[in-house]
Amino acid sequence: QVQLVESGGGLVQAGGSLRPSCAASGNIFSFNAMDWYRQAPGKQRELVARIIRGGSTNYADSVKGRFTISRDNAKSTVYLQMNSLKPEDTAVYYCHAEVNWVTNFWGQGTQVTVSA
């Protein structure tokens, strides 16, 4: 079982930055992908950013140019650098590990709140 421990959420004003991290008990270099999702109240969970095993990244259109996903394989940790935060970014952010095509794990979520 892979455990994902998230930290780094918080409350910031619009225009501010946060950098949540997700530490995995497994070796993330071997995983298919590591992802950040978010879910705002009353909305579906959406994929925000993904980093694939080979290093390619993908972002939701709403965060392109503002968010950057990165990883440190030695620390088995993935990060989400969030800049120029907007109130609409307010959500619970979840780390997700796609170990293989049929096995995946979720973090507990970390709250990000952006005030106007």
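What to note about this one:
- Residue count for the range 58-80 satisfying the condition of being more than 15 Å from residue 95 (Cα to Cα) and β-branched (Val, Ile, Thr): 1.
- In the range 91-116, the residues that are touching a residue at least 12 places away in the same chain (Cβ under 8 Å) reach residues that are crowded, with 18+ Cβ neighbours inside 10 Å and among the charged types (D, E, K, R) with C-beta atoms within less than 6 angstrom, at least six apart or across chains, in these pairs: 91/38; 93/38; 95/6; 96/35; 107/6; 110/6; 114/89.
- Residues (hydroxyl-bearing (Ser, Thr, Tyr), closer than 22 Å to residue 43 by Cα and more than 12 Å from the chain's Cα centre (by Cα)) located in the range 85-112: 90
- Looking across the range 54-105, the residues that are part of a loop (DSSP other than H, G, I, E, B), in contact with a strand residue (DSSP E or B) (Cβ under 8 Å, 6 or more places away or on another chain) and more than 30 Å from residue 13 (Cβ to Cβ) come down to 76, 99.
For (1) of a type outside the set (A, V, I, L, M); (2) farther than 22 Å from residue 115 by Cα; (3) open to solvent by less than 40 Å² (accessible area, probe 1.4 Å); (4) modelled with pLDDT under 95, each residue gets a yes or a no:
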site	(1), (2), (3), (4)
14	no, no, no, no
28	no, yes, yes, yes
51	no, yes, yes, no
54	yes, yes, no, yes
60	no, no, yes, no
67	yes, no, yes, no
74	no, yes, no, yes
81	yes, no, no, no
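- Of all residue pairs spaced 6 or more apart or on separate chains, those with beta-carbon atoms under 6 Å, a first member in the range 68-85 that is over 14 Å from residue 55 (Cα atoms) and a second member that is open to solvent by 60 Å² or more (accessible area, probe 1.4 Å) and outside any loop (DSSP other than H, G, I, E, B) are 81/68.
- Selection from the range 27-46 of residues that are of a type outside the set (A, V, I, L, M, F, W, C) and in a strand (DSSP E or B): 35, 37, 38, 39, 46
- Every pair of residues 6+ apart whose Cβ atoms lie under 9 Å, when the first sits in the range 1-26 and is within 14 Å of residue 91 (Cα to Cα) and in a strand (DSSP E or B) while the second is modelled with pLDDT under 95 and open to solvent by less than 80 Å² (accessible area, probe 1.4 Å): none
- Residue list for the range 4-30, restricted to those being over 16 Å from residue 80 (Cβ atoms) and within 15 Å of the chain's Cα centre (by Cα): none
The values are calculated or read from the model by the stated rules, or taken from the named source; none is laboratory data. Bear in mind the structure is a predicted one, so any value in this text is a computation, not a measurement. When we count neighbours, we look across all protein chains shown, and the Cβ atoms used for this are built from the backbone with ideal geometry, even at glycine. Surface areas here come from the heavy atoms of the whole protein model, side chains and all, with no ligands, DNA or RNA. Shrake-Rupley method; radii C 1.70, N 1.55, O 1.52, S 1.80 Å.
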